[in-house]
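Student: Sharing a structure here in structure tokens format.
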Amino acid sequence: SASPLPERSSLEMRLGTYWLVRIGVVMLLTGLVFFGNYAYQNFVVRFGPLGKVVLLYLASGLLLAAGLWWQRNSLKESLRNYAQVLFAGGLAAVYFTTYAAHHFENLRVIENALLDGVLLLACAGFMVWIADRKKSEVLALFAVGLAYYTSVITRVGSFTLYSNLVLTLAAVFFLVRNRWAGISWASLVATYAAYAWWRFFHGGEGWRWAGADEGLWFGASFLYGYWLIFTVAVFLSKHENIAGERRAAFLTFNNGAMFTLFVLTMLQVDTGKFWLFSLVYGVVLLALAEASRRFLSAEPITKNAYLTQGLLLVTLGFVAKFSGLQLALVLAAESVVLFVLGTQRKNLVLQFGAYITGALAVAWGIDGLERNDTRGLWLEIGRAHV
């Protein structure tokens, strides 16, 4: 009969220390918006762009100072939470004031888009540093999200690519150092989404495929870098929040996003080497499966995920390169190799892959055979052997 009391107490504490402080900050910011609107219509409208930006920075500084003072002097947990949210709101205000200083015409005091992007990235970097000092995952997620927003809106040269690379390293740092899995997932999605935006969205032209004269290999090299950094995170992270099925899902998204974006990048330019890319990428994933077997032996699902994806891509490379009886013989050879390895290691994934490739080999063999064409059969055997 006494068991519901702790739940009720816990709900009341969470409501008082978690939700009410956030509602209070929202009400405070709402009041500031109405006050700012009144002041703008009656007083601030007389100021120039520089005066308006200075006032916005001043208001942001007041929020930061109030949040910092409350954090240091408050004894109650509710006030500490309130102060932390208020401090985060001040950081957000500084960030968006810097953004408005270039992108809003009536506030424009920064004419250079690259300079504004660097300043925005510096603001986000400062927030990341503060989040690491305070061990606040929420603040870190907020900062990294704003930084990715910066990399998307600042379409100057390769700023987006370099910014994404830095943010990817920051997310992996947080994952390894503080074991924050949430920020790693957010960074994984945001990195590839920002690359897709940079690669395929061209302002007034809208969405279109990439052209051969747009530095495809330069952009693809950053794509490889993102994939490599997140792959390193798969092996370095030991936290339970990214273990087992979560780790397998993380690496699957990473591998799939890299493969898809690379293929879409080269789709209209160089389709003749798709088989080679698929084959090489598949072999790399098979090597990672072996590394997972050694370094993540407690999580066989990671090894099986790499193994399945690697076999799929290797087979896809063979299908894209060969045809007819030649393809049938290559798949048959692959089936034998997989069956032998699967039997020796007692691996169901390898054995299942052997059955699938064997069935595909039979299907292509039947489709490619012609009646009484023994010469063609021996020719294809010879070509496959070579």
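Student: Does Tyr281 satisfy the condition of being aromatic (Phe, Trp, Tyr), under 17 Å from Asn255 (Cα atoms), modelled with pLDDT of 80 or more and touching a Phe, Trp or Tyr at 6+ places or on another chain (Cβ under 7 Å)?
Tutor: Considered against the rule, which asks whether it is aromatic (Phe, Trp, Tyr), under 17 Å from Asn255 (Cα atoms), modelled with pLDDT of 80 or more and touching a Phe, Trp or Tyr at 6+ places or on another chain (Cβ under 7 Å), Tyr281 comes out as yes.
Student: Still on this structure: For the range 182-193, which residues satisfy the criterion of being within 20 Å of Phe262 (Cα to Cα) and open to solvent by 20 Å² or more (accessible area, probe 1.4 Å)?
Tutor: Passing the criteria: Val189, Ala190, Ala193.
Student: Also, quick follow-up: Six or more apart or on different chains, Cβ under 6 Å: which pairs go from a residue in the range 69-96 that's outside any helix (DSSP H, G or I) and open to solvent by 70 Å² or more (accessible area, probe 1.4 Å) to one that's modelled with pLDDT of 75 or more and among the acidic types (Asp, Glu)? Could you list them?
Tutor: From the range 69-96, no pairs qualify.
Student: Here is a check on your reading of the model: is Gly282 small (Gly, Ala, Ser), open to solvent by 30 Å² or more (accessible area, probe 1.4 Å) and within 24 Å of Phe322 (Cα to Cα)?
Tutor: No.
Student: Right, another one. For the range 229-249, enumerate the residues that are closer than 17 Å to Ala298 by Cβ and in contact (Cβ under 8 Å) with a residue 60 or more places away in the chain.
Tutor: Selection gives Val234, Phe235, Leu236, Ser237, His239, Asn241, Ile242, Arg246.
Student: Condition first: small (Gly, Ala, Ser) and modelled with pLDDT under 70. Can you find one or more residues in the range 330-345 that meet it?
Tutor: no
Student: Those residues that are open to solvent by 40 Å² or more (accessible area, probe 1.4 Å) and in a helix (DSSP H, G or I), I need them from the range 156-181; list them, please.
Tutor: Across the range 156-181, the qualifying residues are Tyr162, Leu165, Val166, Leu169, Phe173, Val176, Arg177.
Student: Count, please, the residues in the range 293-307 that happen to be of a type in the set (Ser, Thr, Tyr) and crowded, with 18+ Cβ neighbours inside 10 Å.
Tutor: So the count comes out to 2.
Student: Out of all the residues in the range 110-122, which are over 16 Å from Thr160 (Cα atoms) and open to solvent by less than 60 Å² (accessible area, probe 1.4 Å)?
Tutor: Residue satisfying the conditions is Ile110 alone.
Student: I want to confirm something. Restricting to the range 47-64 and keeping residues that are open to solvent by 90 Å² or more (accessible area, probe 1.4 Å) and modelled with pLDDT of 80 or more, which single residue is nearest to Leu107 (Cα to Cα)?
Tutor: Leu50
Student: From the residues in the range 346-374 that are open to solvent by less than 70 Å² (accessible area, probe 1.4 Å) and among the β-branched types (Val, Ile, Thr), which one is modelled with the lowest pLDDT?
Tutor: Top of the filtered list is Val349.
Student: Quick one: in the range 239-252, of everything that is under 11 Å from Leu175 (Cα atoms) and in a helix (DSSP H, G or I), which residue is least open to solvent (accessible area, probe 1.4 Å)?
Tutor: Ile242
Student: Here's a check for you: in the range 133-146, which residue that is at pLDDT 75 or above and open to solvent by less than 30 Å² (accessible area, probe 1.4 Å) is nearest to Gly215 (Cα to Cα)?
Tutor: Val144
Student: Restricting to the range 130-153, give me the number of residues that are among the polar types (S, T, N, Q) and part of a helix (DSSP H, G or I).
Tutor: 2
Student: Hey, could you check the range 203-238 for residues that are of a type in the set (Ser, Thr, Tyr) and open to solvent by less than 10 Å² (accessible area, probe 1.4 Å) and say which is farthest from Asn255 (Cα to Cα)?
Tutor: For the range 203-238, the residue satisfying everything is Ser237.
The values are calculated or read from the model by the stated rules, or taken from the named source; none is laboratory data. Remember, it's a predicted structure, so these values are computed and weren't measured experimentally. Virtual Cβ from ideal backbone geometry, glycine too; neighbours counted across all protein chains shown. Just so you know, the surface numbers come from the protein's heavy atoms only, side chains and all, with ligands and any DNA or RNA stripped out. Shrake-Rupley method; radii C 1.70, N 1.55, O 1.52, S 1.80 Å.
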